[in-house]
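A quick write-up on the structure given underneath.
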Amino acid sequence: MSHAELDSPEPTPGAEAPVAPAVVRKRPKPGERRVQILQALATMLEQPGAERITTAALAARLEVSEAALYRHFASKAQMFEGLIEFIEQSVFTLINQIAEREPAGPAQAGRIVAMLIQFAEKNPGMTRVMVGDALVFENERLQQRMNQFFDKVEASLKQCLRSTGDAAAPTVDAAVRASVLTAFIVGRLQRFARSGFKRAPSEHLDAALARML
């Protein structure tokens, strides 16, 4: 018996009994719950010093059962893979846009580095995934995938720094500078995450890029 039925007054003879409005719980659209789960996970990762996130804690935050989570993801590793896919799609889409709009060279490389730093600054929870802090107790393949992510970033930087000439020296120089820039990105992101998001990764960014490029 519902609370509406308990609270309804007794109908008077000859009068129509009041009809309680049906309580309809809004069902998420297809794919919407999946997005909500990933958003909740990213938000929980934004808490400075957050320990390993359990599916029980994630379910409690969303006010659903753990079984409800597993209807959308087969495992917690799949949830982290969903976040990694978001990072990959966002970053490499932006890298392609920069490559289309900016001529190849140091300026293009600088734009890519700045974009990545700004992405991390706006998405602290994602930063913990990118630098691996959130993946320490998770499946090893997740960390390998993030390693591959930074390998691809380095390859993109090398490509835009490489000379159009055929000489070996410019290619070697581009590889070295791309490696330095990638290490700079990773270092800034690690400092941001491990400072409890207090040290902004964009601190003195223009001056740092001017020195490296």
(message) Can you pull out the chymotrypsin sites (Phe, Trp or Tyr not before Pro) in the stretch 41-141 whose DSSP state is coil and whose Cβ has at most 11 other Cβ atoms within 10 Å?
(response) F137
(request) Using only alpha carbon pairs under 8 Å that are at least six residues apart, calculate the relative contact order of the stretch 47-180 and give it in whole percent. (result) 22
(request) Just read off the accessible area of E138 with the full protein assembly in place, 1.4 Å probe, to the nearest 10 Å². (result) 30
(request) With a 1.4 Å probe and every protein chain left in place, tell me how much accessible area V91 has, in Å² to the nearest 10. (result) 0
(message) Given axes a ≥ b ≥ c from the Cα gyration tensor, I'd like to know whether the stretch 129-213 is rounded (a/c under 1.5), prolate (a/b larger than b/c) or oblate.
(response) oblate
(request) Take the alpha carbon gyration tensor of the stretch 66-213, find the square roots of its eigenvalues, order them as a ≥ b ≥ c, and report rounded if a/c is under 1.5; if not, report prolate when a/b exceeds b/c, else oblate. (result) prolate
(request) Label the stretch 30-147 by shape, choosing from rounded, prolate and oblate, from the square roots a ≥ b ≥ c of the eigenvalues of the Cα gyration tensor; if a/c is under 1.5 it is rounded, and otherwise prolate applies when a/b is larger than b/c, oblate when it is not. (result) prolate
(message) At 7 Å along Cα-to-Cβ for each site, give me the label-to-label distance between A183 and R61 in nm.
(response) 3.4
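The values are calculated or read from the model by the stated rules, or taken from the named source; none is laboratory data. This is a predicted model, so every value here is computed, not measured. Positions of Cβ are backbone-derived with ideal geometry, glycine not excepted, and every protein chain shown enters the neighbour counts. When the accessible area is computed, the model is the full protein with side chains, heavy atoms only, and any ligands, DNA or RNA have been set aside. Shrake-Rupley method; radii C 1.70, N 1.55, O 1.52, S 1.80 Å.
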